[in-house]
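What follows is calculated from the coordinates using simple rules that are stated; it is not laboratory data. Not measured: the values here are computed from a predicted model. Methodologically, a virtual Cβ is constructed for each residue, glycine included, from the backbone with ideal geometry; neighbour enumeration extends over all protein chains shown.
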Amino acid sequence: MAEGGTAPPPQVFVVDTQASYISTPRDKKSSWARAGQKILFLLLGLLVLGVLVEGYLIYILYQRTAVRTKLLGVVLGFCRLVSGSEHPVGDNNVVLWNSLAQHDSVNIEYNNGRLIIKEEGHYYVYSRVELDVSKDTTPIFHKIMKTSSGYGKEIELLKATSSHCVHKNPANCAAEDIRSSFLAGIFHLQEDDKIFVTLSNVEKLHRSANGNSLGAFMIEP
């Protein structure tokens, strides 16, 4: 104690438990978590959008396929050779057919062995014939031909060749060797175009109502 005076007051230290602290790594982790959630929501949104777009494209494709299938399923013109016909061929080796066996449209007509196109468009044209090639020495040519009002000459669309018996000695061939020849293709046809079939040797045509045919149907206007 100082002489002749009072003692100095004691020192007091106060601790404030509510004081602010400096930012800790835990706060940084929370910030990264919020950013990650935003990115996750963005990715989910893009995923949902992609699914919706894909669904729309599939729907459009389905609609187009349905329309095309409907067109392909409609037979617009069809004819068959008369079974046992005495005169199955006309001038210039044109095969003659019975009147239209099936007809579901006014787009195609038949006259004198020819299919007559009445509406311009893309058509699937086909022909099948059964040929007896036993004991034959020359190839048989099966053709689908076209004539057009704007072009004077016949136009060859498709052609197939059926060979004769493979044995060197015709006597070794079977009494009857039936072979099928099939031609098919898609063509753009004009109004009044005529489609017909020719055979180089009509005597080899096997008289079968179901085996011989010429047909066409529109697949696209």
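Observations
- Neighbour-count order for D91, D177, D193, fewest beta carbons within 10 angstrom listed first: D91, D177, D193
- Greater than 21 Å apart at Cα, pairs in K118/K146; K118/K204; K159/K194: K118/K204
- The packing ranking, built from the mean of other Cβ atoms within 10 Å per residue, places the peptides 151-160, 182-191 in the order 182-191, 151-160, highest first.
- Footprinting exposure proxy for H122, H206 (fewest neighbouring C-beta atoms within 10 Å first): H122, H206
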